[in-house]
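The values are calculated or read from the model by the stated rules, or taken from the named source; none is laboratory data. Computed from a prediction, not measured in an experiment: that's the story for all the values here. Using ideal geometry, Cβ is built from the backbone for each residue, glycine included, and neighbour counts are taken over all protein chains shown. Accessible surface is based on the protein model in full, side chains and every heavy atom, while ligands, DNA and RNA are left aside. Shrake-Rupley method; radii C 1.70, N 1.55, O 1.52, S 1.80 Å.
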Amino acid sequence: MNTIQAIETIAINPDIRNGRPHIVGTSVTVADVVIAKLYHQQDSDGIADWYGLSLTQVYGALAYYYA
């Protein structure tokens, strides 16, 4: 029997960044992370350093985007 684990790092709140999906506990949006990755070609460590995030938060945002 499998137990499915959820990574709850992304939230949507109309009071934070106009309701755009963001990383819990921050105002950094999923779009911020994706733009840094795709358009600015930063690696995950660089994104984490720039925004003061953990790698879990960065990968959570990227997973949310790709899903």
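Note on region 27-58: among residues that are part of a loop (DSSP other than H, G, I, E, B) and buried (at least 17 other Cβ atoms within 10 Å of the Cβ), the one that is nearest to the chain's Cα centre (by Cα) is Val28.
Quick check on my filter: what residues within region 10-26 are of a type in the set (Val, Ile, Thr), open to solvent by 20 Å² or more (accessible area, probe 1.4 Å) and either in contact (Cβ under 8 Å) with a residue 12 or more places away in the chain or in contact with a Leu (Cβ under 7 Å, 6 or more places away or on another chain) (or both)?
Ile10, Val24, Thr26, listed by residue number.
Kindly indicate whether any position in region 59-67 is closer than 22 Å to Ala6 by Cβ and more than 10 Å from the chain's Cα centre (by Cα). So far as region 59-67 goes, yes, one or more of its residues are closer than 22 Å to Ala6 by Cβ and more than 10 Å from the chain's Cα centre (by Cα).
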